[in-house]
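Beneath this line is the structure, given in structure tokens, with notes to follow.
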Amino acid sequence: MAVSINIPVEVVDILKSSQFAAVLTGAGISAESGVPTFRDAQTGLWAKYDPLQLATPEAFQNDPQLVWDWYLWRRELISGSQPNPGHLALVDLEAFFPEFTLITQNVDGLHQSAGSMGVIELHGNIFRTKCSRDGRIISDPREPSGSVPLCPECSSYLRPDVVWFGENLPADTLKTALEAARVCEVFISIGTSTLVEPSASLPFFALDNGATVLEINPQSTPLTQRASFSIRGDAGEILPALADEIIN
Ligand code: BV8
């Protein structure tokens, strides 16, 4: 495993000669867009809440209004953010590789805003709303009073279409992600603490299936020791440099 602050030439050579690249992103790639990472201290009103406690079915059960308000606050925060050079570099890399699969743990939709296609959203999308009883997607529920909107069909509470802790990921989404990790030649893990399962197992699964695994993160993570390469740095800086070296 080589840890470096710039891009090892072997990384460029391997990426240039690979046909199929898979990428996993976490909250870190959106940090430079001003979206606090999942483990960053929450700000203001939300500072006293632990996101790991709020993003659960139990929290919603106990206090739907609190959880709904938290998601409205986060939607507001994300709506004011733009994709950053890290997101945009992934769009360039997608065009370069004959086969490219982008898997994200993020719910902010910034990859799609940047122009990435076929994004696999392992944990859903914060801007989609669904019925808490049957999971049906409800477009644009308006609740003028700000209270938790109710399903127009069955009057159950509506909730954000995200995967909470203790909930299964959508089976087909996870299957697609696992298949990409199984067959890719190179797997790039970007901006994730590699703590949340089952997403965190994807780079290890890729390694076990013979892929070269590259990690990009300013910090080390449980993947660092096993990664083929681990580059210390911000995604918004490393990815454009990497794309530049590979494409030009
Ligand atoms: C599941 C959507 C089967 C919601 C999210 C006990 C009981 C129940 C479950 C469990 C349990 N023990 C373990 C589990 C499994 C649990 C889990 O993994 N828990 C962890 C905390 C141990 N997983 C689940 O529950 C999953 N479901 O397993 O189903 C099951 C069912 C029942 C019972 C058991 C098992 C569901 C997990 C999905 C949770 N939903 N999001 C929402 O967003 O509101 S996860 C949430 O964390 C976000 O999606 C986030 O993306 C994700 C992971 O975090 P990261 O993305 O890595 O972000 P983080 O802040 O942690 O790290 C940021 C990184 O970026 C850092 O490394 C930092 O250094 C780096 N960084 C910072 N700046 C930059 C940067 N990198 C690059 N550039 C920069 N500029």
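Report, as a whole number in µm² per second, the diffusion coefficient that Stokes-Einstein gives for region 164-245 at 10 °C and 1.306 mPa s using the Kirkwood radius over alpha carbon pairs.
Working: Rh = 13.4 Å.
Roughly 119 µm²/s, to the nearest whole number.
Keeping the other protein chains in place, figure out the carbon and sulfur percent of the accessible area of region 28-135, with a 1.4 Å probe.
Working: 2580 of 4900 Å².
After summing per-atom areas, the C and S share lands at 53 percent.
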Per 5 Å bin from zero, what fraction in whole % of the C-alpha pairs of region 1-148 is there, up to the bin with the longest pair? 2, 8, 15, 18, 17, 15, 10, 6, 5, 3, 1, 0
Can you list the HN-Hα couplings for region 114-120, worked out from phi with the Karplus curve (6.51, -1.76, 1.60; θ = phi - 60°), rounded to whole Hz and with x for Gly and Pro? 6, x, 5, 10, x, 5, 8
For the chain, what is the Kirkwood hydrodynamic radius in Å, using each pair of distinct C-alpha atoms? 18.8
Exposure ranking of TYR71, TYR49, TYR157 by accessible area [1.4 Å probe, largest first]: TYR157, TYR49, TYR71
Global size of region 21-98 as Cα Rg and Dmax, reported in angstrom: 15.6, 48
Evaluate Rg over Rh across region 13-61, taking Cα atoms for both radii and Kirkwood's formula for Rh. 1.23
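So with the 1.4 Å probe, I'd like the accessible area per residue for region 138-201, rounded to whole Å².
Numbers: 3210 Å² over 64 residues.
Per-residue value: 50 Å².
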Can you list residues whose amide H is under 5 Å from SER189's amide H, if they're 5+ apart or on another chain and H is modeled 1.01 Å from N? LEU24, LEU214, GLU215, ILE216
Given charges at Cβ of Lys, Arg, Asp, Glu: the chain dipole, positive-most of SER81, ALA55, ALA21: ALA55
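The values are calculated or read from the model by the stated rules, or taken from the named source; none is laboratory data. All values reported here derive from a predicted model rather than from experimental measurement. Positions of Cβ are generated from backbone atoms using ideal geometry, with glycine treated the same way; all protein chains shown enter the neighbour counts. With ligands, DNA and RNA removed, areas are computed over all heavy atoms of the protein, side chains included. Shrake-Rupley method; radii C 1.70, N 1.55, O 1.52, S 1.80 Å.
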